Amino acid sequence: MSSHENCPCMEECPLNRVLKLIGGKWKMQILCSLHNNGPTRYNQLKRTLDGVSNTVLAGALRELEADGLVVRREYLEVPVRVEYEIARHCQSLIPILDALGQWYDSLPAGKTDAV
């Protein structure tokens, strides 16, 4: 059995690239929350993600927006209203995340203790 960390294709590996996009702290939770709740204001999103700091949330949202996974909409109202939503092409990622959750739930008892 070969070790993936020694894989010569690490930089070119599509899975490695995906994990760089969504593997950051709180990113998958942000995407799932935006998918489940639709367009969401920052403070509302922060409330749904119990325990996330402002710095981490703001940074993750900036990265997700820069990578095209989240759309930031600013409404020129007084005060300014900003909403975040999952990008249309990112919707196809949600069933994959759901499948990963189902895979985890299917692990034999005792095999998930390390998490």
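Computed quantities for the displayed model
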| read-out | value |
| --- | --- |
| For the chain, size of Cβ-based charge dipole, Lys and Arg +1, Asp and Glu -1, in debye | 300 debye |
| Heavy-atom SASA rank of Leu100, Leu64 (probe 1.4 Å, accessible area, largest first) | Leu100, Leu64 |
| Ratio Rg/Rh, restricted to the chain and using Cα atoms, in which Rh is the Kirkwood radius | 1.04 |
| Exposure rank, largest accessible area first [Lys25, Lys20, Lys46; 1.4 Å] | Lys25, Lys20, Lys46 |
| The chain, helix-only ellipticity at 222 nm - DSSP H runs n ≥ 4, -39,500 (n - 2.57), divided by all residues, nearest 500 | -13500 deg cm²/dmol |
| Accessible surface of Leu31 - all protein chains present, 1.4 Å probe, nearest 10 Å² | 0 Å² |
| Rh (Kirkwood; distinct C-alpha pairs) - the range 26-82, Å | 11.7 Å |
| Helix 27-37 axis, angle to the chain major axis (alpha carbon atoms, nearest 10°) | 50 degrees |
| Per residue solvent-accessible surface (Å²) - the chain, probe of 1.4 Å | 71 Å² |
| Net charge over other residues, Cβ less than 14 angstrom from the Cβ of Arg81 (K, R count +1; D, E count -1) | -1 |
| Candidates Ala87, Ala66, Ala99: whichever shows maximal mean-square fluctuation once the chain is modelled as a Gaussian network with Cα springs under 10 Å | Ala99 |
| With all protein chains modelled, accessible area of Ser53 [1.4 Å, Å²] | 50 Å² |
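The values are calculated or read from the model by the stated rules, or taken from the named source; none is laboratory data. Just so we're clear, the structure is a prediction, and the values are computed from it rather than from any experiment. Glycine also receives a Cβ, built like all others from the backbone with ideal geometry; neighbour counts cover every protein chain displayed. The area values use the complete protein model at the heavy-atom level, side chains included, leaving out ligands, DNA and RNA. Shrake-Rupley method; radii C 1.70, N 1.55, O 1.52, S 1.80 Å.
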